[in-house]
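Asker: So that we are looking at the same thing, I have put the structure below in structure tokens.
The values are calculated or read from the model by the stated rules, or taken from the named source; none is laboratory data. Computed from a predicted structure; not experimentally measured. So basically every Cβ, Gly included, is an ideal-geometry build from the backbone, and we count neighbours across all protein chains shown. Remember, those area values only see protein heavy atoms, side chains included, never the ligands or the DNA or RNA. Shrake-Rupley method; radii C 1.70, N 1.55, O 1.52, S 1.80 Å.
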Amino acid sequence: MITAQSLELTYPETEQPSLAGVDLQLNAGEVLGVVGPMGAGKTTLCMSLAGLVPRTTGGEFGGDLEVVDLDPRQAPVPDVAQRIGLVFEDYASQLTQITVLSEVMAPMLNHDVPVKQAEAEARRLLSELGLARLDLEHKRTWELSGGQQQRVAIAAALAADPQVLILDNITGLLDPDGKEEIRSLVSQLSQRMTLVVVEQDIDLLVGVADQLLMLRDGQVSALGPADQLLRDLTALDDAQVEPPVVVQVAQAAGLPDNPLTVEELTSVVQSPDVMESAAPDVPQPAVLGPEVSAPVPEIDAPEPEVDIPGPWIRAPEPEVDIPGPWIRAPESDDRPKAVEIDHVSFAYPDGTMAVQDVALRVAPGEVHAIVGGNGAGKSTLLRMLCGLVRPSSGTVRMDGKNTRECSPAELARTVGTALQNPDEQITERTVREEIGDALRRRRTRRTGWFKREVVISDEQIAEAVDRAVELVGIPTDLMDRDPTHLSRGHRKLVAIAGALVLDPAVLILDEPRVSLDAPARAALRRLLHELRDRGTAVVIVEHDLDLVAETADTVTLLDLGRVVASGSPHAVFGANGAEALAKTSLRPPRAAQVAAAFGVDAITVAELATQLYPVKQEV
Amino acid sequence: MRVPLLYTEKDSFLHRRDPRIKLLLFAVVIVFLYTAPNWQWMLAASVLGLALSIAARVPPLVLLVLWLLQLPNFIGLVAIPLGQDLLAGNFSPFDGDLDFGLKLGLAWSAALFLSLALLSTMSPDKITDGMRGLKIPEPLCFLVGYSFLLMYASMSDIFRTIDAMKLKGIELTIRRPIESIGNMAKLFVPAVIIMARRAGTMMSTLQLRGFSFTHRPATTLGAVGAADIALLVAGVGALAVAALMRFAPAMLGL
């Protein structure tokens, strides 16, 4: 169905090829998973397979390519459109119609499907993708949330009924329910079409992908059966991809094999070999992971404390750099709060309530996550926190300032914000200038009608930029590049560094993990720990609960604009919070889902690893 | 992000009319603006347009703002020349043809209110479907529909970018007009970048979704009803009478 030999592509005005020597063979009905770091050439591969490069971008191409019996780079567009579908990562730009229903009907009408049949099919597809609750005939496409836009784009691509469907990193903005829907959709679709699935969340490929292609610097770093490559730590590391969660658990627990699924993990842990090897007289793998080199004779690792109110401190026992487990420090409610939200509500002019009676507090040095499914009210709450929206009722105080009494620009002096779409914030021509822009803007102060004095020197700006770059982990060779030419993940890091350069008392991050590869995600986790140590209050708006479980001290769970649960990650995501979580479109963190199979209450990989052996010993 | 729309999503007599009829009436309005025999006709058209806009449930504030936006035309075309003539002691302004000046000034209001009454009652999909129903070539129909989308999507992008700029300390405020003009340039960069990125992906998406720009069925059209016909007849009738009054005397040598 797809054959590529020595596929090459070099964009105009670049010397380095974006794809070089890519070989590929995919049979009808197979699912190819594609992974790799930012800038590896994944999107270029997708666009090549769909015949869009060099057709729409220009550039030099080479090698042989055949997709559904034609070379999409040279075949007539209508022939390509009838065979191949593509959903882009950029969710907003692929919407071509005014309303949701017409967006999904359009591809069918273009292929002469009768109007009534097209409408019925569009409604079915939208319902299948969880959008049935919307007013499909009237809801405008630009008014949807990012996650909803992505679902509509998927439905529109499916409406054309292609033989090959390419999904380019499409789940980044979807909530866990949405991701699971895509996962089961891909499984269903694989029975009637061939799929190429580019994905940063590698767990979504487990059990779905038949083959796995790992790209790095435009070249194939590995290609083979997904079942083998997904547990091949060397290959995954080489492609800078995080292993699937079960593999991480097995590694952290020091298991000899690399199980890929919960079923495999269960069988490995239950196997007599492993049980024997757990005996104290045999040298053991470390409880917390393979990186701990010393044998561990004791297997009763301390269980993390849970449900104790108050700020969190890191548990003393892990010596390796695995995030968590965290235990709580004694309560001290008298600490001044960096963020105070009191009974805040927000209604649109037409009366629609986006946020209702929300209250929360964040102390300096605390990482607080606001979580919820698509449309839960997270974005509106975030816009209230940074002063862009004033609450209809209630009060928002950021670093002691009432957001009603100061402009967003004034508030931005002490409250840094990195928005979901970094392109909205980037204005400067180099990464260095972009990161330092907020400081340069404030480098002088008016002292008279025609007088200004310099309050921040160029050296201070340079130092602050260097600090922010180091904190965020931006490669130094990017500093003089045009930020708009970087990959989306790198642009996101630049926006985060720009928000940090003023050394804010509060940092707000909107969906920070979207578009980041494994090294960047690791850098993000380190950043959050560093900010905690520096005493910066951090508010993350996120629906990736794995990141939240690993990094947040406290969590507020929103659904339909209301707080349905709040407290520690354990209280919200653990066994006690399952009921509240089940009411939303979120699912527990992946580690918690694995833990549930063992009857263990753990929400991170590291926690689960510490509890696996005791549980199995009881068996 | 919510952006101001031309379409008023309500239910009224005008909303329920067939889009083909409303587009034909829009064409009638355009011809009428060049045909109206005198300023009294133009005044009547303005009043009728205002009444229809209110009947179409266009918010009064929108009507006022849009009318104020075209006020400079009236001032420039009528009030200033009139004032100049009067101050110069010329008490027969516009070369003695005050009717011309008033007609020109009122034409802006008539055009605004009548087109608002017709176009604000059709969603962009209805407008393009109406065009398809009138057998207008598909590329033009597509162009109109896509222009609406791009306009609204770009406005949404710009509003979001303005918000993002505020978070960087870049404000557009009336209190500091000179600084705000400088800041507009800052807004320009991300807005253009977002639109440029959108353009590439949009073109690719249009290709893959099979937009051929040659044919496309209308999806929202029903049968033309008696009320539609009556409305069209009234419009064409009014145009015919206006044309007769305008051209008949000259043609008959009166």
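Asker: Net charge near A:Leu558, counting Lys/Arg +1 and Asp/Glu -1 over other residues with Cβ under 12 Å of its Cβ? Present the calculation step by step, with values, prior to reporting the outcome.
Answerer: Working: positive: A:Lys378, A:Arg562, A:Lys583; negative: A:Asp175, A:Asp357, A:Glu542, A:Asp559.
Within the 12 Å Cβ shell, the charges total -1.
Asker: If one puts a single equal scatterer on every Cα of chain B and applies the Debye formula without solvent, what log₁₀ I(q)/I(0) results at q = 0.14, 0.16 Å⁻¹?
Answerer: Ignoring solvent entirely, the Cα scatterers give -1.13, -1.24.
Asker: Then there is this: Determine the per residue accessible area of the protein assembly as shown with all protein chains present and a 1.4 angstrom probe, expressed in square angstrom. Display every interim value, and only then the final one.
Answerer: Working: 37000 Å² over 873 residues.
Solvent-accessible surface per residue comes out at 42 Å².
Asker: Please list, in order along the stretch B:140-150, the HN-Hα scalar couplings obtained from phi with the Karplus expression 6.51 cos²θ - 1.76 cosθ + 1.60 (θ = phi - 60°), rounded to whole Hz, x for Gly and Pro.
Answerer: 6, 4, 4, 4, 5, x, 5, 5, 4, 4, 4
Asker: Here is a follow-up. Taking 25 °C and 0.890 mPa s as the conditions, I'd like the Stokes-Einstein D for the stretch A:497-599 in µm²/s, using the Kirkwood hydrodynamic radius from alpha carbon pairs.
Answerer: Numbers: Rh = 14.7 Å.
Taking Rh from Cα pairs, D becomes 167 µm²/s.
Asker: Now a separate question. Size of the dipole of the protein assembly as shown about the Cα centre, Lys and Arg at +1 and Asp and Glu at -1 on the beta carbon, nothing else charged, in debye to 20?
Answerer: For the protein assembly as shown, the charge dipole is close to 4880 debye.
Asker: Work out the mean other chain Cβ neighbour count within 10 Å for the residues of B:189-195 and drop it here as an integer. Intermediate results must be reported in sequence, preceding the final value.
Answerer: Numbers: counts 6, 8, 3, 1, 6, 8, 1.
Counting Cβ atoms of other protein chains within 10 Å of each residue's Cβ and averaging gives 5.
Asker: Under 8 Å for C-alpha pairs, at least 6 residues apart: give me the relative contact order for chain A, rounded to a whole percent.
Answerer: Numbers: 1309 pairs, mean separation 83.6, N = 619.
Relative contact order comes out at 14 percent.
Asker: Also: Run through every distinct alpha carbon pair of the stretch A:99-152 and return the Kirkwood hydrodynamic radius in angstroms, one decimal place.
Answerer: Working: mean 1/r = 0.0904 Å⁻¹.
Value: 11.1 Å, from the Cα pair sum.
Asker: Relative contact order for the stretch B:132-208 using alpha-carbon pairs under 8 Å, separation at least 6, rounded to a whole percent?
Answerer: Values: 25 pairs, mean separation 17.1, N = 77.
Relative contact order, the stretch B:132-208: 22 percent.
Asker: Let me ask you something else. Kindly rank A:12-24, A:135-147, B:61-73, A:490-502 from highest to lowest mean number of other beta carbons found within 10 Å of each residue.
Answerer: A:490-502, A:135-147, A:12-24, B:61-73
Asker: I would also like to ask the following. Among the listed pairs A:Lys139/B:Lys168; A:Lys337/A:Lys401; A:Lys179/B:Lys168, give every one whose C-alpha distance is greater than 21 Å.
Answerer: Details: A:Lys139/B:Lys168 31 Å; A:Lys337/A:Lys401 11 Å; A:Lys179/B:Lys168 33 Å.
Violating the 21 Å limit, Cα to Cα: A:Lys139/B:Lys168; A:Lys179/B:Lys168.
Asker: Then there's this: Working only with C-alpha atoms, what are the Rg and Dmax values of the stretch A:2-241, expressed in angstrom?
Answerer: Final numbers for Rg and Dmax: 17.5, 53 Å.
Asker: Here's a follow-up. So which DSSP H runs in chain A come out at 15 Å plus along the axis (Cα) with average Kyte-Doolittle of at least -1.0?
Answerer: Sorted by number, the helices that extend far enough and score high enough are A:100-110, A:115-128, A:146-159, A:176-189, A:458-472, A:488-500, A:518-534, A:605-618.
Asker: Under a no-solvent Debye model with one identical scatterer per Cα of the stretch B:146-206, what's log10 I(q)/I(0) at q = 0.16, 0.23, 0.30 Å⁻¹?
Answerer: Each listed q corresponds, in turn, to -0.56, -0.93, -1.23.
Asker: If Lys and Arg each add +1 and Asp and Glu each add -1, what is the summed charge of the other residues whose beta carbon sits under 10 Å from the beta carbon of A:Arg446?
Answerer: On the way: positive: A:Arg445, A:Lys451, A:Arg452; negative: A:Glu453.
Net of charged neighbours comes to +2.
Asker: Other chains' Cβ within 10 Å of A:70-82 residues: what's the mean? Before the final figure, lay out the partial values.
Answerer: Working: counts 0, 0, 0, 0, 0, 0, 0, 6, 5, 0, 3, 7, 2.
Shielding by partners across A:70-82 averages 2.
Asker: So, one more: Order the peptides B:187-196, A:111-120 from the highest to the lowest mean number of other Cβ atoms within 10 Å of their residues. Don't jump to the answer; show the numbers that get you there.
Answerer: Details: B:187-196: 17.5, A:111-120: 15.2.
Put in order of decreasing packing, that is B:187-196, A:111-120.
Asker: Placing +1 at every Lys and Arg Cβ and -1 at every Asp and Glu Cβ, with all other atoms neutral, what dipole size does the stretch A:116-270 have around its Cα centre, in debye to the nearest 20? Intermediate values should be presented prior to the final figure.
Answerer: Details: 12 positive and 25 negative charges, 118 e Å.
Computed about the Cα centre, the dipole is about 560 debye.
Asker: On to the next question. Within 10 Å, count the other beta carbons around each residue, average over each peptide in A:62-73, A:565-576, A:367-378, and list them highest first. Intermediate results must be reported in sequence, preceding the final value.
Answerer: On the way: A:62-73: 17.2, A:565-576: 22.5, A:367-378: 24.9.
Highest to lowest by the protection proxy: A:367-378, A:565-576, A:62-73.
Asker: Hey, another quick one. Residues of A:104-114, mean number of Cβ from any other protein chain within 10 Å of their own Cβ, rounded to a whole number? All intermediate terms of the calculation are to be shown ahead of the outcome.
Answerer: On the way: counts 0, 1, 7, 5, 2, 8, 9, 3, 4, 1, 1.
The per-residue average across the peptide is 4.
Asker: Let me have the relative contact order for the stretch A:339-591, percent, based on Cα pairs under 8 Å that are six or more residues apart.
Answerer: 27 percent
Asker: Kindly identify residues of the stretch B:156-170 having a loss of at least 30 Å² in accessible area between the isolated chain and the assembly of all protein chains, probe radius 1.4 Å.
Answerer: When all protein chains are present, B:Arg160, B:Asp163, B:Ala164, B:Lys166, B:Leu167, B:Lys168, B:Gly169 each give up 30 Å² or more of accessible surface.
Asker: Then there's this: Can you pull out the buried accessible area for chains B and A, both sides counted, probe 1.4 Å, rounded to the nearest 100 Å²?
Answerer: Details: alone 15510 and 26440 Å², together 37000 Å².
Accessible area lost upon association: around 5000 Å².
Asker: With all pairs of different alpha carbon atoms counted, what Kirkwood hydrodynamic radius in Å does the stretch B:89-177 show?
Answerer: Values: mean 1/r = 0.0567 Å⁻¹.
It works out to 17.6 Å.
Asker: How much of the accessible area of the stretch A:158-220, probe 1.4 Å, is carbon plus sulfur, in whole percent? Please report the intermediate quantities before stating the final value.
Answerer: On the way: 650 of 1860 Å².
Of the solvent-accessible surface of the stretch A:158-220, carbon and sulfur hold 35 percent.
Asker: In addition: Grab the alpha carbons of chain A, take their convex hull, and tell me the volume per residue in Å³. Provide the component values of the computation, followed by the final result.
Answerer: Values: hull volume 106.0 nm³, N = 619.
So the per-residue Cα hull volume is 171 Å³.
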